[in-house]
1. Taking H placed 1.01 Å from N in the peptide plane, check which residues at least 5 places from B:F467 or on another chain put their amide H under 5 Å from its amide H.
2. When the Karplus curve 6.51 cos²θ - 1.76 cosθ + 1.60 is applied with θ = phi - 60°, which whole-Hz ³J(HN,Hα) does each residue of the stretch A:92-97 get, with x for Gly and Pro?
3. With a/c under 1.5 counting as rounded, go ahead and sort the stretch A:36-335 into rounded, prolate or oblate using the C-alpha gyration tensor (a ≥ b ≥ c being the square roots of the eigenvalues; past the cut-off, prolate if a/b is larger than b/c, else oblate).
4. Across the stretch B:259-276, in residue order, what do the Karplus-derived ³J(HN,Hα) couplings come to in whole Hz, using 6.51 cos²θ - 1.76 cosθ + 1.60 with θ = phi - 60° and x for Gly and Pro?
5. For the stretch B:70-92 and the stretch A:223-260, what is the separation of their C-alpha centers, rounded to whole Å?
6. Near the amide H of B:A82, under 5 Å away, which other amide H atoms are found, from residues 5 or more places off or on another chain, if H is placed in the peptide plane?
7. So what is the calculated 222 nm ellipticity per residue for chain A, using -39500 (n - 2.57) for each DSSP H run with n of 4 or more, over all residues, to the nearest 500 deg cm²/dmol?
8. In nm, what is the difference between 0.36 nm times the number of residues separating B:D131 and B:S2 and their Cα-Cα distance?
Amino acid sequence: MSTATPSATPSPPPAAAPAGRLRAGAGLRLGRFRDLTLVPVIVVLLVVGAFVDPVFLTVGNLTNVLQQQSALALVVLAEAMILIAGKFDLSLESTVGMAPAITVLVIPATAGGSGLLAIPLCLLIGAAIGAFNGFLILKFQLSAFVVTLAMMIVVHGLHLGLTGGKSLFELPESIMYLGGATWLGVPASIWIAAVLFAAGIVGLRYFRAGRALYAIGGNPDAARAAGIRVDRVLWTVFVIGGALAALAGVLETGRLGGISANQGVGWIFMVFAASVIGGVSMDGGKGTVLGALTGVLVIGLVENVLTLKGVPGEWKQLVYGGIILVALMISRVAGGKAQD
Amino acid sequence: MSVHVEARNVVKRFGPTVALNGAGISIAEGETHALLGRNGAGKSTLVSILTGLQAQDEGEVLFSGEAAPALADRDAWRRRVACVYQKSTIIPTLTVAENLFLNRQRTSGRLIRWGAVRREAREVLERYGVDVDAGALAGDLGVEQRQLVEIARALSFGARFIILDEPTAQLDGPAIERLFERMRALREQGVTMMYISHHLDEVYEICQSVTVFRDARHVLTRPVAELPHDELVAAMTGEATAAYEPRSRTAGDSVAISAAGLSLRDRYQDVALDVRAGELVGLAGSGSSGKVGLAETLVGLRRADSGTIRINGVAVRPGDVPSALRAGLGFVPQDRHREGFVPLLSIAENATLPIAHKLGRFGTVFPSRRRARAVRMIEDLDIKTEGPEQPVGDLSGGNAQKVVLARALSDSPAALVVINPTAGVDVKAKQSLLGAVEDAVGRGAGALLVSDELDDLRICDRVLVMFHGRVVRDVPRGWSDQQLVAVMEGMEE
């Protein structure tokens with residue numbers, strides 16, 4: 001990524017007109033709260049949940065919510081970065097199922113020692129899909145939306161074709177481990193998601209490469225003029241996104257103990273919903289990883305409340321969609337600005 | 001004086017088109033040098049070569065006698081040359097501070113130190129006298145402030161040579177004056193500047209020498225003081241053009257556009273005006289005078305809080321464009337890119353959008369009839385194009401504006417409202433645009449011409465001047481620049 005050396009304090013240039021007034025960065029501090037417009041929504045959900053069922057506010061249940069959402073959260077992290085850079089990736093959901101499935105076909109449960117290679121291989125497959133997307137979008141100059149829509153179908157099709165549409169249950173030990181293990185009393189998948197989100201928050205706020213995403217999403221020509229290697233940064237983001245989706249696949253595989261033919265299918269809608277209600281703009285350049293995380297939490301809590309309330313499966317979709325709309329409206333009102 | 005920046009025999013080709021054909025420029029240390037030429041003369045190409053965004057195919061670029069750095073070495077380029085591009089290179093979603101230090105934020109290790117970035121941004125803004133909050137979102141700034149931030153950023157790299165590419169295109173009178181003051185101060189400190197503009201009077205005001213390009217070639221370089229206005233225009237167009245002669249005409253009796261008691265909060269108050277058929281009325285005023293808001297209300301793009309509008313004697317529904325069009329209005333909106341045309345549609349389709357209902361029955365449109373109409377419009381307005389099927393997005397600024405005007409004129413309107421028709425348009429296109437407006441008035445339309453350009457207003461029979469939301473004066477033809485500007489700035493004699 002771009003690491004142009006910082007030019008030292010600008011050489012003493014001419015003082016032009018008389019100096020203007022100086023004001024404190026009030027706008028910046030306000031800007032920080034814009035990421036947290038969903039916090040009231042989360043509070044409301046916690047209160048509502050507590051009334052719906054006494055089980056809701058227990059450590060066990062909330063841990064459960066987090067664990068269930070950790071795989072989705074990783075895909076949201078990937079999509080948020082891609083959206084901030086002004087691009088699109090619909091194929092992430094197919095990678096969630098396809099990457100672990102191919103891995104298992106290459107390294108069967110009986111492989112023994114080479115089973116340790118399962119996770120690296122899986123991540124590599126995800127990264128390769130991301131790299132191919134990047135190739136088509138950046139070098140071939142195709143629209144990200146259409147390319148990744150086609151890739152979503154292609155990757156899922158590959159998954160179905162190679163597995164014969166069957167679920168896979170005999171998996172190597174290593175690929176099962178992360179999704180089921182518990183570290184220091186907390187599921188490993190929560191640790192992994194937490195660490196990666198922390199890295200995302202710091203990376204996009206405190207690293208030049210991270211800020212480059214905002215610059216590219218906000219105005220690619222200006223980013224190029226500032227010396228940012230736009231294509232290289234974007235390509236890297238697609239590769240990281242693919243790898244994150246593959247890791248999400250590993251977590252989901254371990255949690256469920258198998259790879260169904262439909263693993264990941266339909267996730268992309270939740271991913272976009274979480275990103276957008278979390279304040280990430282579909283037009284690029286706007287939003288934060290922290291905001292996207294609050295979006296995931298809202299979705300997870302809604303799902304949990306609905307399950308505890310015993311809402312019949314057929315009606316869940318409707319309630320779900322409705323609640324997302326309400327969350328959007330609340331964050332729009334709290335955020336003040338028109339959504340885009 | 002030594003030469004600060006020089007380009008020699010530069011050739012640049014884009015596929016079959018030659019953008020620069022052995023052109024060159026030589027700018028002396030500390031001078032403000034104008035680069036002029038019609039659209040497509042090669043100015044923008046030279047800018048991208050001088051700023052290191054593109055490499056020339058042949059020829060060389062020298063800074064203070066030394067060869068230009070390699071294309072990939074952005075930092076070296078930025079120490080030599082700074083540029084305020086025509087298109088904003090500010091990122092609206094980031095703060096001013098971050099825009100100033102994009103991709104060169106102060107870091108410790110690899111972590112960005114935001115405190116230091118903000119502090120340095122405040123220092124830079126203070127040093128160049130830019131009164132802008134470093135923490136504000138750049139997208140919330142006005143055009144002038146955004147441009148000042150760009151200038152401060154450009155200078156903060158330490159460059160002693162700045163290119164200003166049409167910096168005044170979007171500024172109003174007082175803002176342009178403030179920019180010029182800043183440029184003069186920079187010149188006193190020895191900064192060399194290259195200035196690009198379509199406004200010749202600005203060149204005479206701010207520049208010491210001028211280079212003219214025409215058809216990708218260098219035509220002349222001369223001190224401004226030794227170059228009369230006509231000669232400069234002749235060099236740009238390649239032919240001696242007589243200064244535009246306004247025509248005389250007599251207005252009819254019927255009223256084409258009439259407004260009474262119009263008010264819109266924060267824009268204008270209690271405005272009344274009448275434009276008669278066959279009359280061309282100018283509307284002038286500074287950027288905050290409310291003239292554009294008023295014109296947009298007349299055509300239905302805005303809705304007034306109170307008051308009535310009659311077009312061609314018919315009371316139109318407030319804030320309703322179709323109703324105004326039905327009453328016989330044609331208009332050219334302020335921002336042609338946003339409201340003027342659909343870039344991907346052809347000239348024929350764009351120009352005939354309002355009269356589509358006349359080109360066929362029951363909602364159908366006959367392509368042959370549309371084509372015929374478009375061909376006539378292309379001839380009438382002298383639009384430079386491959387043919388009526390070319391998308392408007394491919395045309396140069398002046399020709400795209402002609403399409404917008406053609407559309408406004410397509411239904412032989414009885415009333416015409418034209419907002420800043422010559423913004424970003426070269427000398428020759430300007431004349432044919434104004435000529436077309438005068439033709440329409442000659443055919444009996446009543447027209448209101450809103451413009452920031454005194455030259456445009458000269459063709460008007462009378463000029464209404466707005467100040468702080470009110471029409472303060474009705475100036476008959478024959479005014480001098482000073483008179484009109486004094487009224488526009490609220491300095492009554």
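Readers should treat all values here as calculations from the given coordinates under stated rules, not as data from a laboratory. Computed from a prediction, not measured in an experiment: that's the story for all the values here. Every residue, glycine among them, receives a Cβ derived from its backbone with ideal geometry; neighbour counts consider all protein chains shown.
1. Sorted by chain and number, the residues that satisfy this are B:V472.
2. 4, 5, 6, 4, 4, x
3. Working: a/c = 1.63, a/b = 1.03, b/c = 1.58.
The shape class here is oblate.
4. Karplus-based 3J(HN,Hα) across the stretch B:259-276 equals 10, 9, x, 6, 9, 9, 3, 6, 10, 7, 10, 6, 9, 10, 7, 9, 10, 8 Hz.
5. 31
6. Residues meeting the criterion, in which the H sits 1.01 Å from N, are B:F161, B:I162, B:I163.
7. Numbers: 14 runs with 227 residues, N = 340.
So the calculated ellipticity at 222 nm is -22000 deg cm²/dmol.
8. Values: separation 129, 0.36 × 129 = 46.44 nm, distance 3.47 nm.
Gain in length upon complete extension: 43.0 nm.
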